[in-house]
Amino acid sequence: MHNFNVSHDHSNGRWVRNLNERLIRKFAVRVAGQQGEDLSAIKQQDIDAAML
């Protein structure tokens, strides 16, 4: 909700795709250097990092 409210791009599908890609990049950076990290769960810290 936060990102949608501060974004000027309300193009629905494209906006959701861009948000998902940003979230996946933040998730990948977080788990890249950690051994034994759960790769099946996106944590709140990933969502917070993807905020605009």
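The values are calculated or read from the model by the stated rules, or taken from the named source; none is laboratory data. It should be emphasised that the depicted structure is a prediction, and the values quoted were computed from it without experimental measurement. Note: ideal-geometry Cβ built from the backbone for every residue, glycine included; neighbour counts use all protein chains shown.
I need a count of the residues in the stretch 28-52 that are assigned to a helix (DSSP H, G or I) and at pLDDT below 80.
0
Please specify each residue of the stretch 1-27 satisfying the condition of being of a type in the set (Phe, Trp, Tyr) and modelled with pLDDT under 80.
PHE4, TRP15
Could you give every pair whose Cβ atoms fall below 7 Å, whose first residue belongs to the stretch 11-35 and is over 15 Å from MET51 (Cβ atoms), and whose second residue is loosely packed, with under 11 Cβ neighbours inside 10 Å, counting only separations of at least 6 or pairs across chains?
Matching pairs, first to second residue: VAL31/LEU39.
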